[in-house]
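Visitor: Below is a structure I'd like to ask you about.
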Amino acid sequence: MVIASGRNSRQVASIADKLVERLKAQTGRGARIEGKDTGDWVLIDTDEVIVHVFRPEVREFYQLEKMWMPADALASLRADAARDDAGRDGAGRTLAQ
């Protein structure tokens, strides 16, 4: 699986187009592509590799990297987030020490 970002919808669609074009030129194989019309999140399925190309805001929202992260790394991220949250109130303000 490959995860990439473009700066905006046009760039995301262009990255996807160029990738599919080069894949076809170099291997003679096509790929299935979804989401290119909106350009928020384009999925390219080459049968052997799945490529996700996102706009930055969409990539941040879905956080696919966390789904495929090793369990110990994910536990460390959760512990860091819990420590950060412990020093803040419900509105996100830092509590006085």
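Visitor: Between residues in region 35-49 that are within 12 Å of LEU19 (Cβ to Cβ) and residues that are acidic (Asp, Glu), which pairs lie under 6 Å by C-beta distance while being six or more apart or on different chains?
Guide: As it stands, the answer is LEU43/GLU34, since those pairs meet every condition given.
Visitor: For residues in region 9-51 being in a loop (DSSP other than H, G, I, E, B) and of a type in the set (Gly, Ala, Ser), which is surrounded by the fewest Cβ atoms within 10 Å (Cβ to Cβ)?
Guide: First, the residues of region 9-51 that are in a loop (DSSP other than H, G, I, E, B): 28-31, 35-40, 46-49.
Okay, now just the ones that are also of a type in the set (Gly, Ala, Ser), so 28, 30-31, 35, 39.
Details: GLY28: 7, GLY30: 11, ALA31: 20, GLY35: 18, GLY39: 21.
Among them, the one singled out is GLY28.
Visitor: To continue, here is another question. Looking at region 76-96, which of the residues that are touching a strand residue (DSSP E or B) at 6+ places or on another chain (Cβ under 7 Å) and surrounded by fewer than 10 Cβ atoms within 10 Å (Cβ to Cβ) is modelled with the lowest pLDDT?
Guide: Initially, region 76-96 is screened for residues touching a strand residue (DSSP E or B) at 6+ places or on another chain (Cβ under 7 Å), giving 87-88, 94-95.
Now narrow it down to the ones that are surrounded by fewer than 10 Cβ atoms within 10 Å (Cβ to Cβ): 94-95.
Values: THR94: 60, LEU95: 56.
So the residue we want is LEU95.
Visitor: Let me ask another. Check region 52-70 and report whether any residue there is at pLDDT below 95, surrounded by 11 or more Cβ atoms within 10 Å (Cβ to Cβ), among the β-branched types (Val, Ile, Thr) and outside any helix (DSSP H, G or I).
Guide: no
The values are calculated or read from the model by the stated rules, or taken from the named source; none is laboratory data. The shown structure was predicted, so the numbers you read here are calculated from the model rather than taken from an experiment. Every residue, glycine among them, receives a Cβ derived from its backbone with ideal geometry; neighbour counts consider all protein chains shown.
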